[in-house]
Amino acid sequence: MKLLSIVISLLIAAILPVCASAAENASCDSISTDTVVVIENAHQLSLTEHSGGVTITITGKDGNPNYTYTYHSRFTPDATVKTHQQSSEWGLSFPLAIHSSPKSKNEIIVGGLAFGWMKVAGQPSNMVVAGTKSWEIMLLNSLAYQRRFSDRDFLSVGIGIDWRNYRLDDNLRYTQADDGTMSVEPYSENVWEQSSRIKTFSWLVPVIYKHRFGKNFKTWLGAILCLNSYASVKTKYRIEERQIKEFSDDISHSVVTCDFIAGISCSGIGFYAKYSPCNVLKTRAHLDFTPISGGIILGF
């Protein structure tokens, strides 16, 4: 009996710590976590780690830029503290994004789809370009690198494409002589359904500086190197019952020109204006005019 009492005592001594540990773990698991505070669109969050714990400070929120909230969390004596920080110097930004991309110093961006109308300057007195029928379609940044210098200042350089169409008033037409010279002449009598235009295609190398005001409003300006790889002239009309088409893609156009551009945008929708001091055609074409355009730009 004495031996049995000793065995029972030893079993009780071994079981009691296990039960106590299980009860403690169950008690810990049963404690549910609570949300301390929810702050949407905080302006600034600071996390400070010190020997006694961690301090989180939130400054500013939507509707109250003076708001401040501070949270302290102490380390337990036997706690193991692990910290991890992940940051990126690079980002990727696409047009018409609802939320801004992470604040990366370097970004690869795509955007700047523009629809505009063409006018000209420095043209001969008899040359009248129909602004409502002359258009421009441009993708300013098919692909671009952008550097962030501050929360408000950006500089980008990229590659883009541009189509431009210079259509004359319905009473006028482009003519091309055998030696390649160009001129503007009126149509002959009894002509109808007439139109005459010069069309160009260009590869663009834009260098753009942007400045942001507030959260969504931006102004920007820059210079664009234009590599004009294609140009053509097309005239079509009806005389009596015959339809006449005259076309040539062998015209003396300027291969390298430059543009200056400026614009404003808000939440990815904006307006732009563009001017080039360079003639669309070479001097030997004897038809000097420089392009002016403006319109709507998206995702920029």
Identify, from the list 289, 260, the residue that is surrounded by 13 or more Cβ atoms within 10 Å (Cβ to Cβ), more than 30 Å from residue 188 (Cα to Cα) and touching a residue at least 24 places away in the same chain (Cβ under 8 Å). 260
Qualifying positions in region 116-161 - open to solvent by 70 Å² or more (accessible area, probe 1.4 Å), closer than 18 Å to residue 219 by Cα and more than 15 Å from the chain's Cα centre (by Cα): 149, 151
Can you tell me which of 207, 233, 280 is in contact (Cβ under 8 Å) with a residue 60 or more places away in the chain and either in contact with an Asp or Glu (Cβ under 8 Å, 6 or more places away or on another chain) or of a type outside the set (Ser, Thr, Tyr) (or both)? 280
Just one listed residue, out of 155, 140, 204, is under 18 Å from residue 262 (Cα atoms) and touching a Pro at 6+ places or on another chain (Cβ under 6 Å), and it is 140
Flag if residue 204 is open to solvent by less than 80 Å² (accessible area, probe 1.4 Å), touching a Ser or Thr at 6+ places or on another chain (Cβ under 8 Å) and under 19 Å from residue 291 (Cα atoms): no
Among strands (runs of 3 or more DSSP E) completely within region 112-200, the ones holding 1 or more residues that are in contact with a helix residue (DSSP H, G or I) (Cβ under 9 Å, 6 or more places away or on another chain) and closer than 17 Å to residue 289 by Cβ are 172-176, 182-186
Assess whether residue 108 counts as being open to solvent by less than 90 Å² (accessible area, probe 1.4 Å), at pLDDT 95 or above and not basic (Lys, Arg). no
If you go through region 263-277 one residue at a time, how many are open to solvent by less than 20 Å² (accessible area, probe 1.4 Å) and either free of Cβ contacts under 8 Å to residues at least 12 places away in the same chain or within 15 Å of residue 228 (Cβ to Cβ) (or both)? 2
Scanning region 207-238 for residues that are crowded, with 19+ Cβ neighbours inside 10 Å and hydroxyl-bearing (Ser, Thr, Tyr), which turns out nearest to residue 112 (Cα to Cα)? 235
Among the residues of region 243-300, write down those that are among the polar types (S, T, N, Q) and outside any strand (DSSP E or B). 252, 254, 267, 276, 279, 283
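The values are calculated or read from the model by the stated rules, or taken from the named source; none is laboratory data. What you see is a predicted model, and the numbers here were worked out from it, not measured in a lab. No Cβ is skipped: glycine too gets one built from the backbone with ideal geometry, and neighbour counts run over all protein chains shown. Keep in mind that these areas ignore ligands, DNA and RNA; they rest on the heavy atoms of the full protein, side chains included. Shrake-Rupley method; radii C 1.70, N 1.55, O 1.52, S 1.80 Å.
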